[in-house]
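Peer 1: Here it is: the structure, laid out below.
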Amino acid sequence: MEPEQKKFRSDLKLTIFYHGEFGERFIANLMNYRNSCPSFGACSIDGCVQCKENIYSFSKNIVATFGMIDPMNMPDFIEDADEFLPKEIPRADIAIAINLHPDILIALPEKLAELGYRAYIVPVEDSRWCSAGLAKQIKEKCDELGLEFAAPKPFCILRESPEHPTINRFIREMGMGYPEFEIEVDEVNGKKKITSVRILKSEPCGAAWYVAIKLRELEFEDMRELWNVVAEAHHSFPCTGSMERDNEYNETILHIAGYSVRHAVNRALGYEGDEDIPEHIQHIVLGED
């Protein structure tokens, strides 16, 4: 009998500012309404097994969502960010800003601090969303204001840190960030067979749940065979990371996400090798400074 899947609960309150499909997908995953995954791809409506049903729903945790103007349709420089921000921003614990204009991103911390927010997350699924230099400026501003800050690139490498206890709660209580699995394996006819998969943390887009479906009952002879299945599932979900090469990583963000979920599966199996991860991104995927 497969171990019971962990359920996720939290009283954290979130406000989400976003533009584009990734924001919609993230919100849908938070709400976990029926058929939300197949509506974006993955299993298809007919193939959905409702693997997340009754596991979590954070609809009541979302205080507000604000669909923002496409930053590509805005001026290069904005003198007064208030012209493009909501007239009233409700109080919450964490603000998450997805694919916004740089001048909006850097104007938000002061607004959030005034309202008593404790944390600010700027996910980067595409290099154009927030450059490394801009992220550094925002962090400096947040530090001055006493606001926790994280700009994970991509969102699914968000890890716990002593610097951001409230964001740590988001990761633990909502089960989102760098993926984490519990996997049990038996030996069958000289092969390894995965007998159970539990999700301890999923990527904020929800991909780990789909990967788990593809891993259950899988028989494999070597790690390369397993990695191919994980990679195919990750691409098929599909991953929301950009395929454009990121200058900071010298790699595509999609590949960073893909290697991260493969590494998460390795850890769950107790496999300590990292030969499948290109050397120039090992420190990112493995979380090494």
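The values are calculated or read from the model by the stated rules, or taken from the named source; none is laboratory data. Note that the structure is predicted; figures quoted are calculated from it, not measured. Backbone-built Cβ (ideal geometry, glycine too); neighbour counts: all protein chains shown. Keep in mind that these areas ignore ligands, DNA and RNA; they rest on the heavy atoms of the full protein, side chains included. Shrake-Rupley method; radii C 1.70, N 1.55, O 1.52, S 1.80 Å.
Peer 1: Provide the gained length on full extension for the span D11 to R267, in nm with one decimal, where the gain is 0.36 nm per separating residue minus the Cα-Cα distance.
Peer 2: Details: separation 256, 0.36 × 256 = 92.16 nm, distance 2.95 nm.
Result: 89.2 nm gained on full extension.
Peer 1: Just the accessible area per residue of the stretch 136-287, please: how many Å² with a 1.4 Å probe?
Peer 2: On the way: 6690 Å² over 152 residues.
About 44 Å² of surface per residue is accessible.
Peer 1: Arranged from highest to lowest average of other beta-carbon atoms within 10 Å per residue, in what order do the peptides 145-155, 191-201, 242-252, 223-233 appear?
Peer 2: Going from most to least packed, we get 145-155, 191-201, 223-233, 242-252.
Peer 1: Please give the solvent-accessible surface of V63 in Å², to the nearest 10, using a probe radius of 1.4 Å with every protein chain present.
Peer 2: Roll a 1.4 Å probe over it and V63 shows about 60 Å².
Peer 1: Could I ask something else about it? Taking every pair of Cα atoms in the chain, average 1/r, invert it to obtain the Kirkwood radius, and report Rg/Rh to two decimals.
Peer 2: We get a ratio of 0.97 for the chain.
Peer 1: Among Y120, Y271, Y56, which one shows the highest mean-square fluctuation when the chain is modelled as a Gaussian network with alpha-carbon springs under 10 Å?
Peer 2: Judging by the Gaussian network model, the answer is Y271.
Peer 1: Still on this structure, I have one more. Nearest 10 degrees is fine. How inclined is helix 132-145 to the longest principal axis of the chain, computing both from alpha carbons?
Peer 2: 60 degrees
Peer 1: Quick one: if you stick a label point 7 Å off each Cα along the C-beta vector at Q50 and E144, how many nm between them?
Peer 2: So the two model labels end up 5.2 nm from each other.
Peer 1: Tell me the angle of helix 21-31 to the major Cα principal axis of the chain, expressed in degrees between 0 and 90 and rounded to the nearest ten.
Peer 2: On a 0 to 90 degree scale, this one is about 70.
Peer 1: Here is a further query. Which of the pairs K60/K87; K13/K136; K52/K201; K6/K52; K111/K153 have their Cα atoms more than 20 Å apart in this structure?
Peer 2: Table pairs above 20 Å Cα-Cα are K60/K87; K13/K136; K111/K153.
Peer 1: Using 0.36 nm times the number of residues separating E279 and K60, minus their current alpha carbon distance, what extension gain do you get?
Peer 2: Numbers: separation 219, 0.36 × 219 = 78.84 nm, distance 4.23 nm.
Extending this stretch completely gives an extra 74.6 nm.
Peer 1: On the protein heavy atoms, probe 1.4 angstrom, tell me the percent of accessible surface of the chain carried by carbon and sulfur.
Peer 2: 45 percent
Peer 1: Between 0 and 90 degrees, rounded to the nearest ten: what's the tilt of helix 223-236 against the longest Cα principal axis of the chain?
Peer 2: 40 degrees
Peer 1: Right, something else. Once you order the gyration tensor axes a ≥ b ≥ c over the Cα atoms, which shape class does the stretch 231-289 get: rounded for a/c under 1.5, otherwise prolate or oblate by comparing a/b with b/c?
Peer 2: The shape class here is oblate.
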